[in-house]
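Working notes, beginning with the structure itself.
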Amino acid sequence: MSEVVHDELYDLRHSTAHLMAQAVGELFPGVKYAIGPPIEDGFYYDFDLPRPIREEDLAAIEERMLEISARDLTIVRQELPREEAVKLEADLDQPYKVELINDLPEGEVISFYRQGEWVDLCRGPHVPSTGKLKHFKLLHTAGAYWRGSEKNKMLTRVYGTAWFSKADLEDYLNRVEEAKKRDHRILGRELGLFMFSEEVGKGLPLWLPKGATLRDTLIDFMKAEQLKRGYQGVVTPNIGSSKLYEKSGHLVTYRSKLYPLMEDPESGETYVLKPMNCPHHIMIYANELHSYRELPIRLAEFGTVYRYEQSGELTGMLRVRGFTQDDSHLFVTPEQLGEEFKGVVDLMLYTLKRLGLTDYRVRIGIRDPKDSKYIGSDENWEAAQKAIIDAVEELGMAYEIAEGDAAFYGPKLDLLVRDALRREWQMGTVQVDYNLPERFELEYIGEDGQRHRPIMIHRAPFGSLDRMIGLLVEHYAGAFPFWLAPQQIAIIPISDRHHAYAEQVNVALREAGFRSALDSRNEKMGKRIRENEMQKVPVMLVLGDRDVENNTVSVRRRGEGDLGAKTLEEAIAYFKELSAQ
């Protein structure tokens, strides 16, 4: 795991989680405590109770939290030997805490924090007293399996937030309310982008015509950029032999995310529903022996993959079971690695800029040497990690190191993006991999005539196309920029006698490459304008007698209103300018 940075806000939220847990204990006798960490913008705590905490219970818990805060109880740290620690939690009838203590490695410091009569197993740190905890709000409840496993009991998770000032708390709550208005699940349905169906299956999105157009626009953008940068497109199947994934290591490492194996009734061979594209691209590279003159080879695919996510973790487009990656694998020589890596980073940054996502930070995920999930030699890992760090420093980019955040085959660079509401999303990723080429014995003929091992770069600037669209819907509140909007232009004839001219305008715009649609419904003009505004169409052309007479179009732009009449040629030139923005 990456090292947790403890700051004053972290300590405040950690302590507020304890404050909530104490309040729950006073209001719900017999509660069993699980874990309660601080998280981005808040905290949560998991409870096992005779009956789950409901949303309507949150006000009473908050009131008790304020009472405990007013008591200004001193928060005291206490360390105990393992046997005494186990006895303490066993006497308190806290089985989850006993399990946590027993799982701690030998020699680990076992600490508790006490406030008044209430005590909790915790490594800390915390604020000095409960009186420091004043500005908090409980947000909602959810179900959560103990330790994230469906084999364990379902617990009640209560989420909250805490801040140093009332103003900060109110600012955050306002952003939460704005986020609800921007919820991509609601906007996706209202704007006709995508849907989910229980009959199709949980976590499997169905893209409606406007959503499919949005996908195609993003795909076309990325394909054009990749063409400029020397990528070659490939297509691979949605299943593969289990032997392939056993060799790559995915069968073991991703076992909990794989759907059940499928058996060929004739041969008995088993197949995997594809969780990753990389083994397939490796086999394309291995189809023939390459010369160093051919490298770098950049293979790209918009490949759909399938991973089993627990039903409680599915969140609209942000976490699904079937999604499409803008996946690519570069096969490079050691001499090419640095420049090719920087080239990928340049593509990722250009992509974010084009999408209007310019607030980001860089995180480099390296392996945890104590974790057995990582494959390959220490030498390979050190070389791969050094290559990433050197490239990022040459680019002059600030970064942070996250130990344990690497892929099982290699270290990676992630871009963590902040949206219009300052929420952070992990999006584009690029990884350096010495190990899969070794596992698959990939080779190329070097300038010396000898066989050498290539290095792989895995990259996905969008990451998941589905997740990226979910982010963009919320970032723009569904009001996409002109170039990205599924429908760019609505053509609204005022009456039937303007319909023929409107048809001509529509044909001309489509021939010019714009996504226009004619709205000639038997509705009042004002209603059609309002409904197209609600659909967040960037531009409307309202056509009347004067437009027909003068061969013009009256332009209305979202957010700017009436821009006046333009000739069709002027309008097309204007739309081309908008497309470039």
What are the lysines whose alpha-carbon lies under 21 Å from the alpha-carbon of K137, with same-chain residues fewer than 8 places away excluded?
K166, K180, K181
Name the residues whose placed amide hydrogens come within less than 5 Å of the amide hydrogen of E403, ignoring near sequence neighbours (fewer than 5 apart) on the same chain.
E3, I366
Name the long-range amide H neighbours of I110: under 5 Å, sequence gap of 5 or more, or other chain; modelled H, no Pro or chain starts.
L80
Given +1 on the Cβ of Lys and Arg, -1 on the Cβ of Asp and Glu, and no further charges, what dipole in debye does the range 489-580 carry about its Cα centre, rounded to the nearest 20?
360
Given the candidates P128, V392, S328, the one whose Cα lies deepest towards the positive end of the charge dipole of the chain, counting +1 at each Lys or Arg C-beta and -1 at each Asp or Glu C-beta, is S328
State, to one decimal in nm, how far the label point of M154 lies from the label point of E569, with both points 7 Å from Cα in the Cβ direction.
6.7
Long-range amide H partners of I39, meaning residues 5 or more apart or on another chain whose placed amide H is closer than 5 Å, are Y44
Under the 7 Å Cα-to-Cβ spin-label approximation, A580 and E246 lie apart by a distance in nanometres of 5.7
Going Cα to Cα from K243, which aspartates and glutamates come in below 16 Å? Please leave out same-chain ones fewer than 8 positions away.
E263, D264, E269, E441
With θ taken as phi - 60° and the coefficients 6.51, -1.76 and 1.60, list the Karplus ³J(HN,Hα) couplings across the range 414-430 in order, rounded to whole Hz; mark glycine and proline as x.
10, 9, 9, 9, 9, 8, 4, 9, 6, 7, 9, 10, 8, 10, x, 9, 9
Lysine pairs within the range 489-580, Cα separation less than 20 Å, 8 or more sequence positions apart or different chains
4
If the limit is 25 Å between Cα atoms, which of K247/K370; K202/K373; K210/K342; K247/K412; K151/K257 go over it?
K202/K373; K210/K342
Over the chain, the sum of -39500 (n - 2.57) across DSSP H runs of at least four, divided by residue number and rounded to 500 deg cm²/dmol, gives at 222 nm -11000 deg cm²/dmol
If you put +1 on each Lys and Arg Cβ and -1 on each Asp and Glu Cβ, how big is the dipole of the range 145-252 around its Cα centre, in Debye rounded to 20?
380
From the phi angles alone, apply the Karplus equation (6.51, -1.76, 1.60; θ = phi - 60°) to the range 276-289 and give each ³J(HN,Hα) in whole Hz, x where the residue is Gly or Pro.
8, 8, 4, x, 5, 5, 4, 5, 5, 4, 6, 5, 8, 7
So what J values fall out for the range 569-581 if you push phi through Karplus, 6.51 cos²θ - 1.76 cosθ + 1.60 with θ = phi - 60°, rounded to Hz, Gly and Pro as x?
5, 5, 5, 5, 4, 5, 5, 5, 5, 4, 5, 7, 7
So how strong a dipole does the chain carry about its Cα centre when Lys and Arg Cβ are +1 and Asp and Glu Cβ are -1, to the nearest 20 debye?
1580
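Quick note: the coordinates plus some simple rules give every number you see, no bench work behind them. On a predicted model such as this, the values are computed, not experimentally measured, just so you know. Heads up, the Cβs are rebuilt from the backbone with ideal geometry, glycines too, and the neighbour counts pull from every protein chain shown.
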